[in-house]
Amino acid sequence: MKVLKKALSNLLKKPITTQYPKVLSKTPEGFRGKHKINFEKCIGCGLCGTLCPSNAIKHTKKIKKVKVGKLEHRVIIHPIHSIDLSKCIFCGLCQDVCPVGAIKLTQKFDLADYHKTLIQK
């Protein structure tokens with residue numbers, strides 16, 4: 001009898017679960033989700049890829065010509081090419097070490113997509 005009474009009372013209550021695909025749940029403060037990269041802001045220092053513990057950040061090698069006075073120098077830079085989210089452990093070291101703030105971890109947690117590498121130039 002108690003079970004039937006409890007079942008009937010639960011039928012009248014609002015469900016606790018959310019309708020996930022339609023209604024996104026709110027993430028807590030400090031959540032580290034999908035990366036947002038400002039490719040124009042990236043100076044190509046390569047620190048993010050060097051400190052990445054899972055080796056998820058790939059860089060390209062570019063030669064930039066810098067003119068100082070009458071002399072022209074060639075500087076090798078390593079801008080971000082892509083981040084493999086299947087390897088990333090979302091530790092946030094890349095965001096912390098970036099001197100210009102080109103990498104930000106967003107609140108986005110839904111990473112399902114048709115492509116393996118989601119962030120690519």
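The values are calculated or read from the model by the stated rules, or taken from the named source; none is laboratory data. Computed from a predicted model, the values in this text were never measured in an experiment. Note that we place each Cβ from the backbone using ideal geometry, even for glycine, and neighbour counts take in every protein chain shown.
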Task: Residue ID - modelled with the highest pLDDT, chosen from residues in the stretch 103-121 that are among the polar types (S, T, N, Q) and touching a strand residue (DSSP E or B) at 6+ places or on another chain (Cβ under 7 Å) - done: Thr106
Open item on the list: So the check is Cβ under 9 Å with 6+ separation or different chains; which pairs have a first residue in the stretch 8-31 that's within 26 Å of Asp110 (Cα to Cα) and a second one that's β-branched (Val, Ile, Thr) and at pLDDT below 85?
Closed with: Leu24/Thr18; Ser25/Thr18
Open item on the list: If I go through the stretch 51-75 residue by residue, how many of them are in contact (Cβ under 8 Å) with a residue 12 or more places away in the chain and on the phi > 0 side of the Ramachandran plot?
Closed with: 1
Open item on the list: Residues that are closer than 19 Å to Lys108 by Cβ and at pLDDT below 90: does the stretch 64-73 have at least one?
Closed with: no
TODO: Might you check whether a residue that is buried (at least 18 other Cβ atoms within 10 Å of the Cβ), out of contact with any strand residue (DSSP E or B) (no Cβ under 8 Å at 6 or more places or on another chain) and closer than 30 Å to Ser25 by Cβ occurs anywhere in the stretch 67-87?
DONE: no
- [ ] Have a look at Ser82, Ser86 and point out the one that is among the hydroxyl-bearing types (Ser, Thr, Tyr), touching a residue at least 24 places away in the same chain (Cβ under 8 Å) and assigned to a strand (DSSP E or B).
- [x] Ser82
TODO: Considering only the stretch 32-50, state which residues are in contact (Cβ under 8 Å) with a residue 60 or more places away in the chain and in a loop (DSSP other than H, G, I, E, B).
DONE: Arg32, Gly33, Lys34, Asn38, Phe39, Lys41, Cys42
